[in-house]
């Protein structure tokens, strides 16, 4: 234990961690090396107990045509193949009409969970009054949101299955361009005591309501975006490898159907979608963890876990992604982090609905390219080619060695062992 750690200065934290974990001077210097020379105070404010910064590459995928408008999309990820796949997919579909996206709904949900040993009928009898009174107690919080077109849009009672005498008041919100977590939680915490007061006032002394917790839900099945691509099957010839366009389309359709019916494949299939989505969420200061949780829950909401995509193949190839995306373009890191703000500038200052459509397009692009690789030459050839630079970095290759190795492996299978052995041969000459 390190008592009072959070109250120590950064240098005192460094001393305590160094002593506790046995860090040497070189390791302390490594932490210092990644401090920002001018904006460290900004980054310190984003987290707790900060010792340094953990850098990830900030790249872009150009050429995304979404609903007829072209975007350069910022992406933050440590995996180069994610950016490369997004950009390659964007270029392919830009020549075929681009990505068509639409918002199906933008409802977000919060829960007031409470115990109550009265009846369902007694609760629901209070609902009309609650719909009037509870929004009033949130006026100080909701006024500005209502002026932007958002606010509380609905509420209803639902039992919590398997937990005795436990209920939720599920409250629906529109948060416009804000992701809305703090807004929703603030509203719920103002509403909870009033809910309890009204229920206890209506019931008898043996039917007591008591609040358990008040919190937003990251499951947002009614905050949905849909994105699709479409072309004649023959237009797939350029990406079909050694297969005909028709064979490629059939193999692609089979791969998607496998992901719709087998959980082992479905999880990896959806992870490929989220590779791109997470990278843009990070670049724009959005909560990628909430996005991940909501997407996987949605994938599991229809008779078992399945693919987030649907496919139709006849003379036309039509591929669609539908998933919940609770994103924001105001509040939180979206404006406070300098690069998040710049990302939105690069994206031409989208509102939340436009950002949802852009992000979904990136997810579909990554998934399309991943499946295309899987059903033609396999995933590893392209992945390991891009991973080659990381291998060379690990092996501390010189600039001359990098040039020779990159040329040698241009048409050969890349693996860590193969690269290590080849560099060993170079160095023995």
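Observations, loosely collected:
- Exposure proxy ranking for 309, 376, 389, 334, based on other Cβ atoms within 10 angstrom of each Cβ and starting from the fewest, stands as 389, 376, 334, 309.
- Above 15 Å, the calculated P(r) of the range 5-44 contains 47 percent of its Cα-Cα pairs.
- Stretch gain in nm, segment residue 2-residue 390, where the contour uses 0.36 nm per residue and the Cα spacing is subtracted: 136.0 nm
- The chain shape via C-alpha gyration tensor axes, a/c threshold 1.5: oblate
- Maximal additional length on extending the residue 172-residue 411 stretch stands at 80.5 nm, based on 0.36 nm per residue less the C-alpha distance.
- The share of Cα pairs per 10 Å bin across the range 159-224, counted from zero up to the longest distance, runs 17, 44, 28, 10, 1 percent.
- Cα-Cα separations in the range 382-428 greater than 12 Å, expressed as whole percent: 55 percent
- Label separation (residue 54 vs residue 402): 2.5 nm, computed from points 7 Å beyond Cα along the C-beta direction.
- Counting only DSSP H runs of at least 4 residues, each contributing -39500 (n - 2.57), and dividing by the residue count of the chain, the helix-based mean residue ellipticity at 222 nm comes to -16000 deg cm²/dmol.
- By DSSP, the beta bridges lying fully in the chain are antiparallel in about 95 percent of cases.
- Alpha-carbon centroid distance for the pair the range 11-65 / the range 395-423, whole angstrom: 31 Å
- Note on 169, 364: ascending count of other Cβ atoms within 10 Å places them as 169, 364, the fewest first.
- The range 108-217 pair-distance distribution - Cα-Cα, 10 Å bins, rounded %: 15, 49, 27, 8, 0
- By definition, a body whose alpha carbon gyration tensor gives a ≥ b ≥ c is prolate when a/c is 1.5 or more and a/b is larger than b/c, and the range 160-278 fits this prolate description.
- By other beta-carbon atoms within 10 Å, ranking 269, 296 with the fewest at the front produces 296, 269.
- Global geometry of the range 308-427, whether rounded, prolate or oblate, following the gyration tensor of its Cα atoms and the 1.5 cut on a/c: oblate
- Taking 7 Å steps out from each Cα toward its Cβ at residue 213 and residue 91 produces label points 4.7 nm apart.
- Inter-part distance where the range 212-230 and the range 350-368 are each reduced to a Cα centre, Å: 14 Å
- Cα-projected label distance for residue 230 with residue 21, points at 7 Å along beta-carbon direction, nm: 5.3 nm
Values quoted throughout were computed directly from the atomic coordinates according to the rules given, and no laboratory measurement underlies them. All values derive from a computational prediction rather than experimental measurement. Reconstructed Cβ throughout: ideal geometry from the backbone, glycine too, with neighbour counts over all protein chains shown.
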